[in-house]
Each structure stands twice: as structure tokens, then as C-alpha cells.
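Nothing in this text is a laboratory measurement; each read-out follows from the coordinates by a stated rule. Quantities reported herein were computed from a predicted structural model and do not represent experimental measurements. Note that we place each Cβ from the backbone using ideal geometry, even for glycine, and neighbour counts take in every protein chain shown.
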Amino acid sequence: MYSTTLLQDRLERDLTHSTGISNAYYEILVQLSEAPDRRMRMSQLADRCLASRSRLSHAVSRLEERGWVAREVCVEDGRGQLAVLTDVGMAALEEAAPVHVTSVREHLFDQLSPAQIAAMRDIGETLLRHLDPR
């Protein structure tokens, strides 16, 4: 739907303009912030962000340059790598989150009636059960 594309574009512009963080980088930071010890295998993080492994690796490299993410070797098997959200990265996320929340509220929820929000939740949960049954 064109409206979805327009909404995503507006949210991206608001976040990037106010914080310098793209939606893709924001999603990586959010996923890491919600992981145990703010650590996640790179392969799992790629899956969670719906990104290819190479695209995620490139993004993590950019986040490492900012000091927001670090890589560690996975101790369990020594082969995999973990992405780790640093304290600096957590602070950047905490600064960006209110900007993102305000943008979502302004451009999505404030435009809908309570009935539309309830219907959207129902539709979203139905699609989630279908697309991600875990």
C-alpha cells in the first residue's frame, strides 16, 4: 500500500533528521537493547531485522565506528559472532526513542479513531500468527 510507504518514509525522515539514526540502525539498537545482556548472535540479529547477513554486517560495522555496538566471539562455539550494544549505544537509543515514539504517535495513532486502532491491532495479531508462528 502506498500509505504504508509514505508512513515509513515520514518516520524515517523524522528519526534521521532529529537524531542522525536511520530506521535500520534504530531497529538494530532496539533488538540489541531487548536481548539478554544486550548481546545477540549476528545471524539471529539479521533474522530479527529481516536483513541479509552481509547487509547486517555492514550496518554493524557503521555502528561500531560510532562506538554504539561492539563485536565479540561467541564463547559457546567460538565460530559465531555476537553484536553487543555498548553503553554509548544504549544512550543514543534512549535519546532517539522519544523522537521515534512521537513520530509514530503523530503520523499514525493520532490519525486513527479508537475503533480503527483496535481493528489495526486485531489485523496485526492475525498476520503475525500467520507469518511468524513462533
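Summary of values
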item: Qualifying residue in the stretch 104-125 (condition: within 15 Å of the chain's Cα centre (by Cα) and closer than 25 Å to T19 by Cβ); result: yes
item: Number of positions in the stretch 87-108 that are over 23 Å from R39 (Cα atoms) and surrounded by 12 or more Cβ atoms within 10 Å (Cβ to Cβ); result: 7
item: The stretch 16-50, residues that are touching a Gly at 6+ places or on another chain (Cβ under 9 Å) and over 22 Å from D132 (Cα atoms); result: R38
item: Count of residues meeting criterion [surrounded by 14 or more Cβ atoms within 10 Å (Cβ to Cβ), acidic (D, E) and more than 12 Å from the chain's Cα centre (by Cα)] in the stretch 13-39; result: 1
